[in-house]
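*Asks:* Shown below is the structure under consideration.
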């Protein structure tokens, strides 16, 4: 299970462990409302969800989850932070099979405009509603702080030029251990999904990272860089 925090203002998943139950979506939301852990903060992750936000309830009808939060959820912040907190909840809930949209309520009242800036809320809100807050390359597996072994399995979505980008595993000093070219199912204005396998070789476990990026069509420089710290296991 993941909760979606923010990295440089855009959604970023982080794994959380919860007991298996029929209420996993509720558990995910409650974990999100607890905010970033100390390690999350060390990894540069933040949250736009106001402290003191509580979950009143969640129900699912068809493909739409109705999420009822207390009034604190809509308090304070810029239009950017208000949109970001809506995105965090939407992404966290829609990670579960069969749920594609979220209807927001606060203290039992359906939300159509949100926060002090009068942000219009799609009904239901979907991941597409927050494309501007989604990184060009969204890696959903692995997530920051995960312990992994070779070959590293990577999945997510991307909207990049010609649907092509790079994945690289680096060691604790930033030296490349392995790199592959990845092709998403679509790109250049349309978000597509991807899966990839990156085999790497080390002789002893160490900290490292997965780096995702695409190359500028103008000058070949790296852009849309995503850095995910990992604990690399030896083969």
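*Asks:* Which condition does residue 26 not pass, out of (1) in a strand (DSSP E or B); (2) out of contact with any helix residue (DSSP H, G or I) (no Cβ under 7 Å at 6 or more places or on another chain); (3) surrounded by 14 or more Cβ atoms within 10 Å (Cβ to Cβ), if it passes all the others?
*Replies:* Every listed condition holds for residue 26 apart from (1).
*Asks:* Pick out the one residue from 151, 217, 199, 205 that is surrounded by fewer than 17 Cβ atoms within 10 Å (Cβ to Cβ) and at pLDDT below 95.
*Replies:* Step by step, each of 151, 217, 199, 205 is checked, and only 217 is surrounded by fewer than 17 Cβ atoms within 10 Å (Cβ to Cβ) and at pLDDT below 95.
*Asks:* Of the residues that sit in segment 157-176 and are more than 19 Å from residue 220 (Cβ to Cβ) and in contact (Cβ under 8 Å) with a residue 40 or more places away in the chain, which one is nearest to the chain's Cα centre (by Cα)?
*Replies:* Across segment 157-176, the extreme among qualifying residues is 169.
*Asks:* Please determine whether any residue of segment 120-131 is assigned to a strand (DSSP E or B), surrounded by fewer than 18 Cβ atoms within 10 Å (Cβ to Cβ), outside the structural domain of residue 182 (by TED's automatic domain parsing) and more than 20 Å from the chain's Cα centre (by Cα).
*Replies:* Yes, segment 120-131 contains a residue that is assigned to a strand (DSSP E or B), surrounded by fewer than 18 Cβ atoms within 10 Å (Cβ to Cβ), outside the structural domain of residue 182 (by TED's automatic domain parsing) and more than 20 Å from the chain's Cα centre (by Cα).
*Asks:* Residue 14: closer than 23 Å to residue 157 by Cβ, under 20 Å from the mean Cα position of the chain (by Cα) and surrounded by 18 or more Cβ atoms within 10 Å (Cβ to Cβ), yes or no?
*Replies:* Answer is yes for this residue.
*Asks:* Here's something else I'd like to know. Counting only residues that are part of a strand (DSSP E or B), touching a helix residue (DSSP H, G or I) at 6+ places or on another chain (Cβ under 9 Å) and in contact (Cβ under 8 Å) with a residue 12 or more places away in the chain, which one in segment 41-92 is nearest to residue 132 (Cα to Cα)?
*Replies:* The qualifying residue nearest to residue 132 (Cα to Cα) is 46.
*Asks:* Just a yes or no: is a residue in segment 95-114 touching a residue at least 24 places away in the same chain (Cβ under 8 Å), more than 30 Å from residue 200 (Cβ to Cβ) and part of a helix (DSSP H, G or I)?
*Replies:* Within segment 95-114, none of the residues are touching a residue at least 24 places away in the same chain (Cβ under 8 Å), more than 30 Å from residue 200 (Cβ to Cβ) and part of a helix (DSSP H, G or I).
*Asks:* Which count do you get for residues in segment 63-77 that are at pLDDT 95 or above and surrounded by fewer than 22 Cβ atoms within 10 Å (Cβ to Cβ)?
*Replies:* Of the residues in that region, 7 qualify.
The values are calculated or read from the model by the stated rules, or taken from the named source; none is laboratory data. Computed from a prediction, not measured in an experiment: that's the story for all the values here. No Cβ is skipped: glycine too gets one built from the backbone with ideal geometry, and neighbour counts run over all protein chains shown.
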